[in-house]
Amino acid sequence: MSRQFYHPSFSRSLRLCRASRRYSYPFRLACLSCVLLLLASCGKKEAASQEPKSAGPRVKWQFRSAHYALSHPALSPDGTIYIGTSHGLQAISPDGKLQWETALNTPGTPVVSEDGTIYVALRPGLIFGVSKEGQRVWQPGYGLIGFAAPPALGPDTTLYFMNSVADIYTFQPKRSGQKIWSLDTFREGMLGASTILPGSARVGVISTNAAPLITRAGSIILPRQNFLDSISAGGSPEWDLELTSGSLGQAALSNDGIIYVGDNQSVLFAVDSSGSKKWRFDSTGSVIGSPVIDIEGVIYFTAGDAVYALNPDGTLKWRFSSPSATHLLTSPALAADGTLYLGGEFTLFALHPDGTLKWNLHLYSPTSSPAIGPDGTIYFACGYSWLCAVEDSGSPLMPSAWPKQFHDLANTSNPLHDGN
């Protein structure tokens, strides 16, 4: 049976046209024209209702923690999101529900190992391993002064912790709770030459807020106070370079071994694998978080109220200034389609690869740099006690040399970590 079309206006018009047979030809023609226009209008409305809605960002969910000071998130392969808070480590499901919480005293950014164990460094100076079910499975019991950054994760679950006075400690949790080796920042009259790293261990002189990173050759790079150091996997100093009179931040590493690191005095440095400075770029404000690197070797970083894109030779490619003088708060993260995501005051920004604004989404102020999941969901701490999840075009993290702070979704700071 054929499908009948019914519309009240159409029926009334049809009756009018039938009645119009008693009238002149021009009147009947006008009547028929009205009916045809009505049909065309109905067809347009029906077609418009079937058109897909335009794509754009939307808040997928917001999880409110019972605590505050949320860390940079880590993601496991099953999609679970881990965050440190003022009172413990929390596991959040991909749909934004609390799975479990382990009480710890202000854990920082989590690092997820190959077997799913989550390692955290506490701000007061203790270190822990927590199973993916939320049980404490490793607790060496060392008091290591304090931490402001996560460890780097190397082969055989080797962990490299750097504390706030720039000492470095190495552990292998699968073997024991004892440290494998350590190197200490200079303490007057206390240390032998073989254990000394340059700088000062006096608390409050120059605090270290950066994590170690691991090179493809296995060396450990340490942005410590105003020095950049390279240490062998066995704990032998390889070189050190005093870069700034300020304090260095989180570093990034290119595929050819170039280290990019910024300071709190508006400078981004490039240093090669032998410890020689290649170039410096002067911006207009303190470098925020970590530089990131795309598949072409372009370096992006946030400084002051601007985002910069530099060519590998250190020349400026473009500069994006935040609209309406919005304060930028985080380093960027790179999606596979070239989009850059970063946080500003009450805003998440998305930039096109050419530095033009793609969109800005108003929400709680991001307090961590973004992490981009395999389905393209953008996760970040926001508003001090919230974890936000935002959808855009669905593009995952870029498979480049250094696409986000701490390199990958597990936050290993290791370019040899399998997958993002």
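The values are calculated or read from the model by the stated rules, or taken from the named source; none is laboratory data. Worth saying up front: this structure is predicted, and the values here are computed from it rather than measured. Don't worry about glycine lacking a Cβ; one is built from the backbone with ideal geometry, like all the others, and counts go over all protein chains shown.
Of all residues in the stretch 347-360, those being under 17 Å from the mean Cα position of the chain (by Cα) and of a type in the set (F, W, Y) number 1.
Please enumerate the residues belonging to the stretch 268-285 that are among the hydroxyl-bearing types (S, T, Y) and modelled with pLDDT of 95 or more. Please lay out each step first, then the result.
Filtering the stretch 268-285 down to residues among the hydroxyl-bearing types (S, T, Y) leaves 273-274, 276, 283-284.
Of everything in the stretch 268-285, those that are among the hydroxyl-bearing types (S, T, Y) and modelled with pLDDT of 95 or more turn out to be S273, S274, S276, S283.
Looking at (1) more than 18 Å from H407 (Cα to Cα); (2) surrounded by 24 or more Cβ atoms within 10 Å (Cβ to Cβ), which is the only condition F301 fails? The number of the failed condition is (1). The single condition among (1) buried (at least 17 other Cβ atoms within 10 Å of the Cβ); (2) in contact with a strand residue (DSSP E or B) (Cβ under 6 Å, 6 or more places away or on another chain); (3) not acidic (D, E) that W359 does not meet is (1). Residues that are among the aliphatic types (A, V, I, L, M) and not in a loop (DSSP other than H, G, I, E, B) within the stretch 124-183 comprise I127, V130, V137, A152, L153, L159, M162, I168, I180, L183, listed in sequence order.
The rows are residues; the columns are (1) touching a Gly at 6+ places or on another chain (Cβ under 7 Å); (2) of a type outside the set (A, V, I, L, M).
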| site | (1), (2) |
| --- | --- |
| L363 | no, no |
| S368 | no, yes |
| A371 | no, no |
| T377 | no, yes |
| A389 | yes, no |
| F406 | no, yes |
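Within the stretch 273-383, considering only strands (runs of 3 or more DSSP E) that don't extend past its boundaries, which have at least 3 residues that are over 30 Å from E238 (Cα atoms)?
Details: elements: 277-282, 287-293, 299-303, 306-310, 316-321, 340-344, 347-351, 357-362, 378-382.
Hits in the stretch 273-383: 306-310, 316-321, 340-344, 347-351, 357-362, 378-382.
Rundown of residues vs (1) free of Cβ contacts under 8 Å to residues at least 12 places away in the same chain; (2) among the acidic types (D, E); (3) more than 24 Å from H362 (Cβ to Cβ), yes/no style:
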{"site": "E296", "(1), (2), (3)": "yes, yes, yes"}
{"site": "L310", "(1), (2), (3)": "no, no, yes"}
{"site": "G314", "(1), (2), (3)": "no, no, yes"}
{"site": "S324", "(1), (2), (3)": "yes, no, no"}
{"site": "H327", "(1), (2), (3)": "no, no, no"}
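Can you list residue pairs whose Cβ atoms sit under 7 Å apart, with the first residue in the stretch 356-382 being closer than 17 Å to T339 by Cα and the second being acidic (D, E) and in a loop (DSSP other than H, G, I, E, B)? Count only pairs 6 or more apart in sequence or on different chains. Taking only residues 6 or more apart or on different chains, the pairs are G376/D392; I378/D392. Of the listed requirements (1) over 17 Å from T215 (Cβ atoms); (2) touching a Ser or Thr at 6+ places or on another chain (Cβ under 6 Å); (3) in a strand (DSSP E or B); (4) aliphatic (A, V, I, L, M), L268 misses just one: (2).
Would you point out the residue of the stretch 71-126, among those that are farther than 25 Å from T330 by Cβ and among the β-branched types (V, I, T), that is surrounded by the most Cβ atoms within 10 Å (Cβ to Cβ)? That would be T102.
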